[in-house]
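So the structure is just underneath, and the comments pick up after that.
Every number in this text was worked out from the coordinates using simple rules, so none of it is lab data. Being a predicted model, the structure only gives us computed values, none of them experimental. For neighbour counting, all protein chains shown are included, and Cβ atoms are generated from backbone atoms with ideal geometry for every residue, glycine included.
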Amino acid sequence: MRYDVIVVGAGPAGTTAGRHCANKGLNTLIIEKEKLPRYKSCGGFVSTRAISLLDFKIKDKLIEKECYGIRLHYGEHEIEAKKPYRLGILTSRDKFDMYLTEKSIDAGVELKDGEKVKSLDMRKSHVIIKTDKNTYKTSAVIGADGVNSMVAGYVRPRYKPTELAISIEAEIPAKDEDIDDYIRNAVDMHFGISYMGYGWVFPKKEHFSVGVGGLLSEFKEPERIFTNFLKKLNFDTNVKFHTHLIPAGGYERETSSDRIILAGDAAGYVDSFFGEGIQYAINSGKIAANVIVNAHEKCDFSKKELTHYNQDCYAAFGENLRYALKFSLLAHRYPNIFIKLIATNKPIIDKLLDVPDYLSYKDFTKWILIRTPYYVVKNLFH
Ligand SMILES: Cc1cc2nc3c(=O)[nH]c(=O)nc-3n(C[C@H](O)[C@H](O)[C@H](O)COP(=O)(O)OP(=O)(O)OC[C@H]3O[C@@H](n4cnc5c(N)ncnc54)[C@H](O)[C@@H]3O)c2cc1C
């Protein structure tokens, strides 16, 4: 049998792409290497903007905590800011991704889980996909197989260490009342731990997600830093932890070729400052599906036709990711100016909190740069 499209990976990018393709009548298969539901190392913060991109309601059961704000630490400085509206929810990715998978199956997607894609054989009129169990034929492929994407190998060179962040994360069991006492309806972030990264304590149901992340090429001894972070916060250090890569963000890279589109982490769509990726995975999955549907209508799966994907993603969020990288580089190169200003001035952290919601990084960067001299001088006299 020949599929109209095969999506590799059942994360937020793949399940969204699959659901939209099936909704538009394409004969769609998702192949996922893990048996579902699968564990995914993640803070589990899903922004309100990410949720707004879904065309269905998130089940209440998936919402382990709500997030209205942030407590940010830098050296001896600590600041807290909250919004009167919800910035996002905290969830567990095994359950959240399973729910997205179920939604795609409801839309008509066929799912093969526990099956790993091993190779793509690019033919003139189709693609042959070989897994560790089967062989499939398809007109097009959406590579939504995450940061270590094998599909991306058919589109662009592998990520360099300077394009990746590494993170170590553990789930630390705790009583719900202790979690709320630690931080209620907010997330806890510790800057100054690593270049292009931070340490976090995100509240979940009956556990904390605790982790540290930083640019792979610069983050030496992440395990030691993680252990010290746990000790500093009086958490048990004898915990099972997961190490995971995450694209360091930015926008400039190839994301399509003949018959292939990359979405989500496979395309590198992550906010360099906060590390938010779910929003971009969902958005790019949706855009990838639309472009594949159009390609089917035109019977044209050439790289030229699929380049619309890059243009559409740029229009939707590309500039934001470019400026997120610029801001992150600026803030982490000069933490004693920018991170310190955020950690010591309420109006700045209030403004930063508009970013996951509606403010673009371009506007935030302009806003802070104009005010930097004033706040630097103000800090000198406090
Ligand atoms: C520690 C950590 C914390 C994070 N915290 C947050 C957060 O709080 N909020 C946020 O928005 N983002 C966060 N992110 C980023 C976020 O997790 C990713 O951006 C997001 O998961 C990307 O979704 P995706 O669908 O592209 O890829 P993934 O969610 O990684 O899904 C890819 C899927 O492809 C499958 N796969 C891989 N290879 C193959 C193959 N060969 N064959 C078949 N299947 C395959 C994988 O098993 C996986 O299920 C975090 C990342 C890390 C590492």
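Some points to look at:
- Separation of alpha-carbon centers, region 80-114 and region 13-49, rounded to whole Å: 8 Å
- When the alpha carbon gyration tensor of region 4-128 is reduced to an equivalent ellipsoid, the three semi-axes, largest first, read 34, 17, 13 Å.
- Residue range of the chain that is longest and free of GluC sites (Glu not before Pro) which are both DSSP loop and sparsely packed (at most 10 other C-beta within 10 Å): 77-251
- The calculated FRET efficiency for the pair Glu34 and Arg371, based on their C-beta separation and a Förster distance of 35 Å, comes to about 0.15.
- Euclidean distance of C-alpha centroids, region 327-356 and region 145-223, integer Å: 19 Å
- Sites Asp113 and Lys220, calculated FRET efficiency, Cβ-Cβ separation with R0 30 Å, nearest 0.05: 0.25
- Treating each Cα of region 161-247 as an identical point scatterer and summing with the Debye formula, the log10 of I(q)/I(0) at q = 0.16, 0.18, 0.21 Å⁻¹ comes to -0.59, -0.74, -0.96.
- Where labels lie 7 Å past Cα in the beta-carbon direction, separation of Glu297 and Lys59 in nm: 3.4 nm
- Most fluctuating residue given options Ser149, Ser328, Ser302, as computed from a GNM of the chain linking Cα atoms under 10 Å: Ser302
- Region 10-15 - phi-based ³J(HN,Hα) in whole Hz, Karplus 6.51/-1.76/1.60, Gly and Pro as x: 10, x, x, 5, x, 5
- Here the contact order of the chain, divided by its residue count and restricted to Cα pairs under 8 Å and six or more residues apart, works out to 21 percent.
- Here Asn379 and Glu206 are evaluated by their C-beta separation; at R0 = 41 Å the FRET efficiency comes out at 0.55.
- Cα pair distances in region 133-204, grouped into 5 Å bins until the bin that holds the longest one, percent each: 3, 11, 14, 14, 12, 11, 12, 9, 8, 5, 1
- Restricting the calculation to Cα atoms, every distinct pair contributes to the Kirkwood radius of the chain, found to be 21.3 Å.
- Net length gained if the chain between Thr162 and Asp258 were fully extended (0.36 nm per residue, minus Cα distance): 31.8 nm
- Largest-first principal axis extents of the Cα set of region 85-204 (Å): 59, 39, 29
- Counted over all Cα-Cα pairs of region 333-380, pairs farther apart than 13 Å make up 54 percent.
- Cα convex hull volume per residue for region 1-54 (Å³): 86 Å³
- Among the trypsin sites (Lys or Arg not before Pro) in region 149-246, those placed in a DSSP loop whose Cβ has at most 16 other Cβ atoms within 10 Å are Arg158, Lys175, Arg184, Lys205, Lys220, Lys240.
- In terms of other Cβ atoms within 10 Å, Val291, Val377 run from fewest to most in the order Val377, Val291.
- Toward the positive end of the charge dipole of the chain, with +1 on the Cβ of Lys and Arg and -1 on the Cβ of Asp and Glu, the farthest Cα among Asn310, Gly88, Ala22 is that of Asn310.
- Label-point separation in nm, Asp363 to Asp94, each point 7 Å along Cα→Cβ: 4.0 nm
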